[in-house]
């Protein structure tokens, strides 16, 4: 997993919930590609395709609230999104993103600063995100948990520990 | 003339008709369920612009496949039919959860002897048990002739009479006898013909059980089926019609003693064993031995050919202080709201529920798996449903056996298709 | 010093319920908020999602479970199957349960997982329970710590027996007074969610106290613990009391295992909130967020096409009784489809026996088989422009069908009153 992630952002507001990210009727799938076809579909039919042209999602408070469905982070990964930056995350989304090896960053200041299409650069190792000449710090994920992310997600982490 | 010929003659304003004649008649009742109502509505809206419904009081829509729509498409389809009904002032709309269409309209007192009933449903002939001429028609005919003109054209069919006599063996039910007939005649055994179910055995049955025979007329290609009306028909009709004006006004058409038949088939019911329609088709009827021992995953009482109070009673009798086999999901689907309430009040649902059965809203249940009834590839269902074609209930390789309520009961107890003659009531 | 000190020699403060449970399950004497521990859940539940965890197990090449007795599987979301894929997935779950001898397996006819597991005595005070469903918080009604996780993590718990958990801070919620006629636990929770917001208790534990609590039935406590999820709670507790004991003891295989965990008198709370129940009125959560709440008086007259009585929030026997009390002898508005989904087989049986079911059917309701039903999109799907009033816990856009349809949430009493009128109505006129 790379230490620096950069690209164009798409901006959401507060309380983007699990059902908006991926509707219940698609939970019959677990494949990222299949799920991505329907990601954020509730916002409009063209959404899944539209989001593919962005690299990073930036959102307000409580991103991913609602259901514990893991497919919410899987769908976002399937879209090719490299990271999600939010003012805050719902706890189940936070856990699932780590388990799915989707980098997540908690940074309310960035949320205030950006607009759709802006370029940002996230340095995971340093805990800093850069945007338009400014730098914003963010809390690091505790090492004991971050190792799951670094090993490519929980399934990979388990495989390696089971082998050992 | 026989009953069918008399009705066709009267409704086409003629003194008499004979097989082969083409007649144009008024239609008394036009019946569509949630799937067909949608199709007919599309034909009417898209291909008959400017047309209006001549007599909306003769239309009935009953949402029976969807008791609670499971997909957005299904929801849109129902919403569209509701709007259509409101726009064209169709009063008889029975919404989701009403039951299985034919049972719903009988219970609602909309069927009277002597009527001509057309439906965009192949099981419409059931009403022949109530002294009506009832047959299925296509969406186009329904829209173009039925909606616009309240009329239809029919070629007067030849009639095959089946004379049933003898006493059935223990645990052999009318459904077994009816399925036996389908197997004997074959799926093309009565194409375009009317079937008259007659003889002492039929006369001994109540109308509720007689109805199973014309229900399966379609399985042999029949145009319609009927039982010559008698006192039982009259009492049943009066009971259904209750205090409606039609209760004292209907006309009973009975066979003339010298009416002629294209063929007469004689059946001794005392020799008939429990029957099963094996996959892949309704005509693949065999004595139950051919299927005994097949492990079963789902057992169901429901559909237009099941789900009657008598079926639920038969089922419940075998589950007092007994449990459904752990490998079986037993599903009970009443055919109407009235049946649901009666089964509830009689304690039948409690008995079945405690035994491990799952009780569903009035509807046609697993029929085409709209709300339930989808099977995985290696699963097996035994039910009182009307059709078992591949793909109708989930995976095309899943197997669906059609049988009587007692066979379903026996199988739900043992976990495999079981001969009900080996079963004692508990 | 008369007290034992902490690892750094500092005085040890009293512990909250969450702290005590996490400490116990992590095998340590004491934890502090923010600390990450490896905890061993007593129960890991999964529902219709089980097949996904099974596929993860296969993917990682694991074949042994840490402890089959700690698994519970209930097929509640899409029950029974309506497509080949659901049927195949359910079969995968069934086969897994059989292969591993999972005793706590409940098939498509059992009802909603959370209710089934509590009814069957698989939840007790002090337990740590995780599962593939965010409403695991409901176990707090019996004093257990319940929290939702994803299916991959469930597979991980199956195999390793543990998961990392961050010790939460705790909010103390004190309830006083009593509900006015027609006002209930659902209204309390909608009021709280509307006030605190969807993340008002994010990552936190919530403990309920106050003079109003002893009067509250287990059913009401379940509603509270269930809805607490919608303000972001990690877990929630209604401390076990006599009522809990009475309800649960007959259901436990081993009554001696009933050992309530209560907070220490000097436990430290991050925040204290008080609510006077007598000031509350019937509430509605308006489209499309649960926190978008308003008093029912502000949305009276909103036409509805469908009304859903069910879900782990309000599909319990008491909820059916409340609705039946209003519907008895009356008929629902002909323009409304009232769907009633009893929360479990046990609930449906009680409703059959007491005549409640007949009352509901006679009023025009459609009663389905027990399960999650329309809440999770299993039936009750809506077309464009349609409006549903529901006693469930979520009203997110498109959850019940078209993204051009709307869901309002309410209590069972409000639901019944509204089904009668064909529009959102104030239940208090029926009390």
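Quick notes on this one:
For (1) within 13 Å of another protein chain (Cβ to nearest Cβ); (2) part of a loop (DSSP other than H, G, I, E, B), each residue gets a yes or a no:
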site	(1), (2)
B:362	yes, yes
B:372	yes, yes
B:378	yes, yes
B:386	no, yes
B:389	no, yes
B:406	no, no
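- Scanning the range B:73-108 for residues that are at positive phi and more than 12 Å from chain C (Cβ to nearest Cβ) returns a single hit, B:89.
- If you filter the range C:395-406 down to residues that are in contact (Cβ under 8 Å) with a residue 12 or more places away in the chain and within 12 Å of chain B (Cβ to nearest Cβ), you find that the one that is surrounded by the fewest Cβ atoms within 10 Å (Cβ to Cβ) is C:404.
- One residue stands out in the range C:377-389 among those that are crowded, with 24+ Cβ neighbours inside 10 Å and out of contact with any helix residue (DSSP H, G or I) (no Cβ under 7 Å at 6 or more places or on another chain): the one that is modelled with the lowest pLDDT, namely C:378.
- Exclusive hit being without any contact (Cβ under 8 Å) to a residue 60 or more places away in the chain and in contact with a strand residue (DSSP E or B) (Cβ under 9 Å, 6 or more places away or on another chain), set B:287, B:274: B:287
- Residue C:241, sole failed condition from (1) surrounded by fewer than 17 Cβ atoms within 10 Å (Cβ to Cβ); (2) under 30 Å from residue C:403 (Cα atoms); (3) within 20 Å of the chain's Cα centre (by Cα): (2)
- Only one of the numbered conditions (1) in contact with a strand residue (DSSP E or B) (Cβ under 9 Å, 6 or more places away or on another chain); (2) free of Cβ contacts under 8 Å to residues at least 60 places away in the same chain; (3) buried (at least 16 other Cβ atoms within 10 Å of the Cβ); (4) within 14 Å of chain C (Cβ to nearest Cβ) is not met by residue A:84, and that is (4).
- Complete set of residues in the range B:295-317 that are assigned to a helix (DSSP H, G or I) and within 30 Å of residue B:66 (Cβ to Cβ): B:309, B:310, B:311, B:312, B:313, B:314, B:315, B:316
- Odd one out for residue B:45, checked against (1) over 26 Å from residue C:367 (Cβ atoms); (2) at pLDDT below 95; (3) outside any helix (DSSP H, G or I): (3)
- For the range B:393-404, filtering for residues that are within 11 Å of chain C (Cβ to nearest Cβ) and surrounded by fewer than 24 Cβ atoms within 10 Å (Cβ to Cβ) leaves 3.
- Identity of the residue in the range C:77-104, touching a helix residue (DSSP H, G or I) at 6+ places or on another chain (Cβ under 6 Å), closer than 22 Å to residue B:373 by Cβ and at pLDDT 95 or above, that ends up farthest from the other protein chains (Cβ to nearest Cβ): C:93
- Scope the range C:357-371; condition more than 7 Å from chain B (Cβ to nearest Cβ) and crowded, with 24+ Cβ neighbours inside 10 Å; matching residues: C:360, C:365, C:370, C:371
- Checking C:126, C:182, C:140 one by one, the residue that is surrounded by fewer than 24 Cβ atoms within 10 Å (Cβ to Cβ), assigned by TED's automatic domain parsing to the domain that holds residue C:90 and not in a strand (DSSP E or B) is C:126 and no other.
- You will find that of C:392, C:374, C:416, C:425, the residue that is assigned to a helix (DSSP H, G or I), buried (at least 24 other Cβ atoms within 10 Å of the Cβ) and more than 11 Å from chain B (Cβ to nearest Cβ) is C:416 and no other.
- Whichever residue in the range B:67-101 is in contact with a helix residue (DSSP H, G or I) (Cβ under 7 Å, 6 or more places away or on another chain) and in a helix (DSSP H, G or I) and, among such residues, is surrounded by the fewest Cβ atoms within 10 Å (Cβ to Cβ): B:80
- Within the span defined as the range B:222-232, one or more residues are without any contact (Cβ under 8 Å) to a residue 24 or more places away in the chain and farther than 28 Å from residue B:382 by Cα.
- Exactly one residue among A:119, A:109 is away from every other protein chain (no Cβ under 14 Å), touching a residue at least 60 places away in the same chain (Cβ under 8 Å) and surrounded by fewer than 17 Cβ atoms within 10 Å (Cβ to Cβ), and that residue is A:119.
- Residue pairs whose Cβ atoms lie under 9 Å apart, sitting 6 or more positions apart in sequence or on different chains, and linking a residue in the range B:123-136 that is surrounded by fewer than 24 Cβ atoms within 10 Å (Cβ to Cβ) to a partner that is in a helix (DSSP H, G or I), are B:136/B:124; B:136/B:125; B:136/B:218.
- Criterion (assigned to a loop (DSSP other than H, G, I, E, B), over 25 Å from residue B:127 (Cα atoms) and either within 19 Å of the chain's Cα centre (by Cα) or at the interface with chain C (Cβ under 10 Å from one of its Cβ atoms) (or both)) met by exactly one of B:324, B:282, B:292, B:320: B:324
- Test: residue in the range B:340-359 that is in the same structural domain as residue B:283 (by TED's automatic domain parsing), under 17 Å from the mean Cα position of the chain (by Cα) and either at pLDDT 95 or above or crowded, with 24+ Cβ neighbours inside 10 Å (or both): no
- Residue within the range C:293-315 that is crowded, with 24+ Cβ neighbours inside 10 Å, more than 16 Å from residue C:408 (Cβ to Cβ) and more than 14 Å from chain B (Cβ to nearest Cβ) present: yes
- Among the helices (runs of 4 or more DSSP H) confined to the range B:136-254, the ones with at least 2 residues that are closer than 20 Å to residue B:335 by Cβ are located at B:174-185, B:207-210, B:212-215, B:231-241.
- Matching entry among C:300, C:262, C:248 (being modelled with pLDDT of 95 or more and assigned to a helix (DSSP H, G or I)): C:248
- Among the residues examined, residue C:409 qualifies as in the same structural domain as residue C:298 (by TED's automatic domain parsing), surrounded by 24 or more Cβ atoms within 10 Å (Cβ to Cβ) and at pLDDT 95 or above.
- Breaking point among (1) touching a helix residue (DSSP H, G or I) at 6+ places or on another chain (Cβ under 7 Å); (2) in contact (Cβ under 8 Å) with a residue 12 or more places away in the chain, for residue C:418: (1)
- Scanning the range B:165-180 for residues that are farther than 18 Å from residue B:208 by Cα and either within 19 Å of the chain's Cα centre (by Cα) or assigned by TED's automatic domain parsing to the domain that holds residue B:311 (or both) yields one hit, B:180.
- Residue within the range B:12-28 that is under 23 Å from the mean Cα position of the chain (by Cα), touching a residue at least 60 places away in the same chain (Cβ under 8 Å) and outside the structural domain of residue B:191 (by TED's automatic domain parsing) present: yes
The values are calculated or read from the model by the stated rules, or taken from the named source; none is laboratory data. In this text, all values refer to a predicted model and were calculated from it rather than measured experimentally. Counting neighbours? That spans all protein chains shown, and the Cβs are built from the backbone with ideal geometry, glycine included.
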